[in-house]
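The values are calculated or read from the model by the stated rules, or taken from the named source; none is laboratory data. Quantities reported herein were computed from a predicted structural model and do not represent experimental measurements. Backbone-built Cβ (ideal geometry, glycine too); neighbour counts: all protein chains shown. Surface accessibility is based on the protein's heavy atoms, side chains included, excluding ligands, DNA and RNA. Shrake-Rupley method; radii C 1.70, N 1.55, O 1.52, S 1.80 Å.
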Amino acid sequence: MGQKLMGHTGAACVDALTEMSPDESVLILLKHCRDMKQQETRLRLITLFLLLGCAALFIFMIFCGNLQQHENSGSSGQTSTSEHSATYSKQVAGCPTDNVPNESLRGLNDLRSVFEKNVTNKTYMKWQPVLGGNYIEKERAIEIRVTGIYFVYTSFALGCHDEPEGFRTFSLQLRRLPLGYSDIQNLTDVWDGVKCPEGFRTVSVGRLFDLLQGDQVKVWVREGYKLITSSSFGVFRV
């Protein structure tokens, strides 16, 4: 420690110390060491306070940023919720959108079959509406109210119903009648059957079709009408 002191104070300090007694020199060195230690302690405390201050500022900035982000998210959520509530209220109130009935916007229709006596084959299926209001009973068809991509589905439960022994064929077509035309278009064909007298089978078909406003979609049974136990038919816009 004494060497470091003499190295920094220079020749003047060396000359002054040589004129003092050994006891005085020791006291001066001790006092100088104590002063240096106190100064070092103060520097450490100042450095510690600066670090704590920087850390506190950094934490405060992060907290403020998170708080602002949370407020923005809350505002967006409230706006979205308000818009959703307004849309839902509009739907409940039955407000028209583009002059189209609300149920027609999704094109959701689900029908259940109505069995007819004295019908064998080559007939359009007769239905009873379960969901939706686009079923035209006279045409036995679902009318498309909005142009779009639709999923069209139908399902049949088949049974023998006292039919003679042997394989009984069942076939149907999904058909489309465009608005303003008299020519029927075939959308898809289905072939299947059951082995009587104890046969039972479920036949289902579902596909996506690009349909236009005013199109009529029907189910044409070509063969095996008497095998039908129950059936369903429907469309919805995707």
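What number goes with the only condition from (1) at pLDDT below 60; (2) touching a Leu at 6+ places or on another chain (Cβ under 6 Å) that S25 does not pass?
With (1) at pLDDT below 60; (2) touching a Leu at 6+ places or on another chain (Cβ under 6 Å) applied to S25, the lone miss is (1).
Conditions first: (1) open to solvent by 100 Å² or more (accessible area, probe 1.4 Å); (2) over 34 Å from the mean Cα position of the chain (by Cα). Q173 passes all but one, so which condition is the exception?
(1)
Which condition from (1) touching a helix residue (DSSP H, G or I) at 6+ places or on another chain (Cβ under 8 Å); (2) among the basic types (K, R); (3) farther than 21 Å from N121 by Cα is the one that R207 breaks?
(1)
Can you report the number of residues in segment 165-194 which are closer than 24 Å to L208 by Cβ and of a type outside the set (A, V, I, L, M)? So that I can check it myself, show each step before the final result.
Initially, segment 165-194 is screened for residues closer than 24 Å to L208 by Cβ, giving 170-181, 183-192.
Now restrict to residues that are of a type outside the set (A, V, I, L, M): 170-171, 173, 175-176, 178, 180-181, 183, 185-186, 188-189, 191-192.
Residues meeting the conditions: 15.
Return the residue satisfying two criteria in turn: it lies in segment 193-207 and is open to solvent by less than 70 Å² (accessible area, probe 1.4 Å) and either among the hydroxyl-bearing types (S, T, Y) or within 16 Å of H161 (Cβ to Cβ) (or both), and of such residues it is modelled with the lowest pLDDT.
Initial filter on segment 193-207 (open to solvent by less than 70 Å² (accessible area, probe 1.4 Å)): 193-194, 196, 199, 203, 205-206.
Still in the list and also either among the hydroxyl-bearing types (S, T, Y) or within 16 Å of H161 (Cβ to Cβ) (or both): 193-194, 196, 199, 203.
Working: G193: 92, V194: 94, C196: 93, G199: 88, V203: 95.
Within segment 193-207, the match that is modelled with the lowest pLDDT is G199.
Can you tell me how many residues within segment 131-147 are in contact (Cβ under 8 Å) with a residue 24 or more places away in the chain, open to solvent by 40 Å² or more (accessible area, probe 1.4 Å) and either farther than 11 Å from N109 by Cβ or part of a strand (DSSP E or B) (or both)?
6
Which condition number does D210 fail, the rest of (1) within 21 Å of P129 (Cα to Cα); (2) open to solvent by 30 Å² or more (accessible area, probe 1.4 Å); (3) at pLDDT 95 or above being met?
Unmet condition: (1).
Output the strands (runs of 3 or more DSSP E) that fall wholly within segment 151-238 and possess 3 or more residues being under 25 Å from E139 (Cβ atoms) and either basic (K, R) or in contact (Cβ under 8 Å) with a residue 60 or more places away in the chain (or both), or say none.
Values: elements: 166-177, 185-196, 200-211, 216-223, 228-237.
Answer list for segment 151-238: 200-211, 216-223, 228-237.
Can you name the residue in segment 118-130 that is of a type outside the set (A, V, I, L, M, F, W, C) and in a strand (DSSP E or B) and, of all such residues, is farthest from the chain's Cα centre (by Cα)? Quick ask: steps written out before the conclusion?
Kept after step one, since they are of a type outside the set (A, V, I, L, M, F, W, C), are these residues of segment 118-130: 118, 120-124, 126, 128-129.
Then keep just the ones that are in a strand (DSSP E or B); that gives 123-124, 128-129.
Values: T123: 42, Y124: 39, Q128: 33, P129: 30 Å.
So the residue we want is T123.
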